[in-house]
Amino acid sequence: YRAPELIFGATDYTVNIDTWSAGCVLAELLLGQPIFPGDSGVDQLVEIIKVLGTPTREQIREMNQHYTEFRFPQIKPHPWSRVFRAKTPSDAISLTSQLLEYTPSSRCSP
């Protein structure tokens with residue numbers, strides 16, 4: 001349940017990493033399996049990009065201002081409605097999408 005800023009090597013991060021983790025737990029409860037499976041940070045980042053799409057340069061800077069490698073394949077975000085089963089409550093999907101934002105400061109806060 002590592003937040004993407006940790007995968008990008010950030011050492012100066014906020015409690016928003018816990019917000020990301022809460023989103024992963026909620027998604028797993030709704031799906032019955034991890035939303036971003038992976039044995040390594042790179043594996044998890046690939047899975048995150050498959051759902052959220054490729055982060056923009058600005059999003060990467062917001063996650064870790066010292067990260068310099070910006071070469072990623074351009075992948076479009078997968079619609080949240082297609083990530084979850086058809087009968088998943090829309091409020092649950094909305095909350096999950098607000099918790100799982102690339103930009104830490106854009107994540108839903110308590």
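Points worth noting:
- Any pair with Cβ under 8 angstrom, 6 or more apart, that starts in the stretch 97-110 at a residue that is within 19 Å of residue 45 (Cα to Cα) and ends at one that is in a helix (DSSP H, G or I) and among the hydroxyl-bearing types (Ser, Thr, Tyr): 99/19; 104/19; 107/19
- Contact map, the stretch 53-78: residues that are charged (D, E, K, R) paired with residues that are part of a loop (DSSP other than H, G, I, E, B) and surrounded by 13 or more Cβ atoms within 10 Å (Cβ to Cβ), Cβ distance under 7 Å, separation 6+ or inter-chain. Pairs shown: 62/103; 76/53.
- Across the stretch 89-110, the qualifying residues are those that are of a type in the set (S, T, N, Q) and farther than 14 Å from residue 23 by Cβ, and the one among them that is farthest from the chain's Cα centre (by Cα) is 90.
- Residue tally, condition on the phi > 0 side of the Ramachandran plot and either part of a helix (DSSP H, G or I) or within 11 Å of the chain's Cα centre (by Cα) (or both), over the stretch 2-56: 1
Computed from the coordinates by the stated procedures, all read-outs in this text should not be read as laboratory data. Predicted model only: the values in this text are computed from it and were never measured. Counting neighbours? That spans all protein chains shown, and the Cβs are built from the backbone with ideal geometry, glycine included.
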